[in-house]
1. Quick one: which of 210, 238 is in contact with a helix residue (DSSP H, G or I) (Cβ under 6 Å, 6 or more places away or on another chain), without any contact (Cβ under 8 Å) to a residue 60 or more places away in the chain and at negative phi?
2. Are any residues in the range 136-171 under 25 Å from residue 201 (Cα atoms) and in a loop (DSSP other than H, G, I, E, B), and if so, which ones?
3. Is it true that residue 21 is among the charged types (D, E, K, R), within 30 Å of residue 145 (Cα to Cα) and in contact with a strand residue (DSSP E or B) (Cβ under 9 Å, 6 or more places away or on another chain)?
4. Which of the residues belonging to the range 484-501 are surrounded by 15 or more Cβ atoms within 10 Å (Cβ to Cβ) and of a type outside the set (Phe, Trp, Tyr)?
5. Does the range 60-98 hold any residues that are of a type outside the set (A, V, I, L, M) and part of a loop (DSSP other than H, G, I, E, B), and which are they?
6. Within the range 331-367, count every residue that is at pLDDT 90 or above and surrounded by 17 or more Cβ atoms within 10 Å (Cβ to Cβ).
7. Condition (residue is over 30 Å from residue 361 (Cβ atoms) and either within 20 Å of the chain's Cα centre (by Cα) or in the same structural domain as residue 328 (by TED's automatic domain parsing) (or both)) applied to the range 41-59: is it met by at least one residue?
8. Under 8 Å between Cβ atoms, which residue pairs at least 6 apart in sequence (or on different chains) link something in the range 158-169 that is of a type in the set (Lys, Arg) with a partner that is part of a loop (DSSP other than H, G, I, E, B)?
Amino acid sequence: MADKIFAGRHPQAFAPGDRLDVKVDHVALTRDCGATLSLAKEAGIKSSPVEVAVAYAPRAIDDVEADSPASIAAFVAHGVTWARSGVGYAAAVHLERFAGPSRICVTDDPRLIGLGGMGMLTYLLSPSELARALVRGTATVQAPRTVQVLVSGKTRPFVSTRDVAFELLRRGLRDKVERAQQQSGAPVVLEFGGPSVRLLSVPDRALLASMAPEFGAMGALFPSDERAESFLRDQRRSKAHRVLHSDPGASCADVMSVDMSLVDPLLMDEKGAVRTVRELNGTPIRQAVLGGDFGAPLRDLASVAALLASKRVLPSLDLLLAWPTRQVLEVLASTGALQTLIATGVRLVEPDRRALRGDMYAPPEGGPSIRTTELDPSCRNGRVLIASPETVAFAAAAGQIGDPRGFKRPPRVTLPRELPTDDGLIIRDKKQLPPPAELPGKPVVAVGIPSGKLTVVELAKVPAVSGEPIAVIAASTHDGLRVADLAWHRSDVRAVVVPYLTRMLSTALAQVKVAALIATPEVIAQVTKKGSLDLSLSAGSANLGGGLSAECPGHQDFPIGAVHTKRDGAAEPKGKKAR
């Protein structure tokens with residue numbers, strides 16, 4: 001299947017391991033989106049020629065700047081769709097709203113490898129290479145070697161696709177992949193086939209494909225059949241469907257077969273070893289996390305809600321629901337499954353990638369955490385167990401590891417035929433952005449600020465000891481908060497210059513009596529170059545220079561010249577003392 005995808009993009013013959021310059025269909029940015037766009041601007045981007053270019057907000061919590069209208073407009077102006085905070089985890093959202101079979105996607109996030117469940121081949125590239133793909137619509141990648149995985153049988157009750165993935169890992173699929181890489185010198189792509197592939201839904205296929213890095217593979221591919229066509233139809237994207245399947249007798253480096261009917265409930269321990277659930281039976285659990293990007297599909301989450309109905313979370317356990325996408329959350333809410341989970345004691349977690357990494361909601365002290373989604377390799381600190389949604393549900397109900405077949409009866413789950421496909425948080429056009437706020441003439445000087453001449457210092461260059469008052473240049477609101485923290489410990493910080501001011505920053509600066517000077521980027525550059533700022537004020541006047549406005553709540557004892565500006569730009573004195 002991988003050869004078929006490349007054949008339409010490279011007319012000449014090629015061998016595994018050859019570096020090919022191929023047409024790219026999708027570019028998905030999730031990490032440092034602004035830096036990648038800056039590189040693309042330097043390369044002369046006007047409007048990206050790729051079929052789909054999407055930038056996902058890096059965080060869902062405390063990310064005011066990334067979701068500002070100015071930041072979004074910068075992406076949309078160059079043909080890059082912006083997915084706002086709260087839309088869901090990037091990999092799961094891309095599967096629902098953008099992914100299509102027989103296409104190539106380049107990204108900076110390894111979790112998007114799970115798009116292979118739709119038949120989309122995914123490559124991880126550096127920011128500079130992604131910028132090139134945005135500008136030219138092409139990328140240089142290596143042709144892969146394939147290892148086939150043949151799936152047969154049908155899973156038994158309380159055994160999920162996650163258990164099948166662990167069974168492949170336990171049976172040595174990683175060794176086969178490493179051997180194929182050494183023999184061919186090319187990256188390996190897993191191609192799933194066999195009679196039982198048609199029994200797996202697209203989200204289940206995405207879960208298996210997302211495990212490719214655990215197997216040592218570059219990616220994974222599933223055929224595009226009636227299952228994929230049905231999934232796209234439910235997402236109202238039928239036109240994105242393309243047929244993709246492997247030819248009988250196609251060459252591959254190796255083959256592995258797995259009978260799903262013989263798989264038992266499994267889990268991965270904190271050392272990365274696959275073990276049966278019975279081996280850890282009775283281990284107490286302090287935290288259980290359901291959901292994630294591909295860890296718990298919609299049907300599995302609905303089943304968990306049915307299994308946990310009328311149960312209550314123990315006081316010693318935290319149960320978290322990291323809902324994958326807004327669509328999943330809406331369906332859970334409309335079917336009553338979300339109400340059931342909340343009654344159980346579940347806590348809802350914003351779709352912030354730091355929750356998947358383990359930076360947020362880290363494993364607690366005194367006991368392991370059991371989750372449906374694996375952490376990033378660099379963040380596997382603490383005791384974290386990875387298991388299927390059914391195993392996590394049993395641990396949440398009992399407070400300890402146990403065989404999910406102890407639930408006795410598997411639940412019957414009915415999902416609505418029509419899924420919500422609202423794209424309100426996906427910005428494709430400038431017309432979706434609100435109009436810029438109309439300013440009342442020139443910048444407004446509102447309240448008191450310290451008088452005198454301040455030395456201008458960039459935040460990264462603030463000296464350890466300064467004998468004179470300084471004004472610190474902050475590139476963002478987050479940096480402004482760092483200046484407020486700095487001012488707690490030293491008295492020479494008198495003012496901070498920021499592009500814009502939030503209520504949180506204003507309050508923080510008021511507590512330490514630091515003036516906030518609001519300036520455009522051009523004025524900030526001029527002030528930085530000059531190296532000093534004259535804030536000498538007299539009654540009824542303010543000498544701040546063009547493009548600067550000031551705010552300093554809490555300065556009750558500084559001489560001020562509070563003025564306001566009328567719409568025609570004429571300033572009128574309003575008072576001599578702060579109120």
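1. Sole residue among the options that is in contact with a helix residue (DSSP H, G or I) (Cβ under 6 Å, 6 or more places away or on another chain), without any contact (Cβ under 8 Å) to a residue 60 or more places away in the chain and at negative phi: 238.
2. If the condition is that a residue be under 25 Å from residue 201 (Cα atoms) and in a loop (DSSP other than H, G, I, E, B), then 153, 154, 155, 156, 157, 158, 159, 160, 171 are the ones that fit.
3. Here the answer is yes, as residue 21 does meet what is asked.
4. Correct list: 484, 486, 487, 492, 493, 494, 495, 496, 497, 498, 499, 501.
5. 62, 63, 65, 67, 68, 78, 79, 84, 85, 86, 89, 98
6. Residues meeting the conditions: 11.
7. Within the range 41-59, one or more residues are over 30 Å from residue 361 (Cβ atoms) and either within 20 Å of the chain's Cα centre (by Cα) or in the same structural domain as residue 328 (by TED's automatic domain parsing) (or both).
8. Pairs found: 162/295; 162/372; 162/388.
The values are calculated or read from the model by the stated rules, or taken from the named source; none is laboratory data. Since the structure is predicted, the reported quantities are computational estimates derived from the model, not experimental observations. Cβ coordinates were reconstructed from backbone atoms using ideal geometry, including for glycine residues, and neighbour counts include every protein chain displayed.
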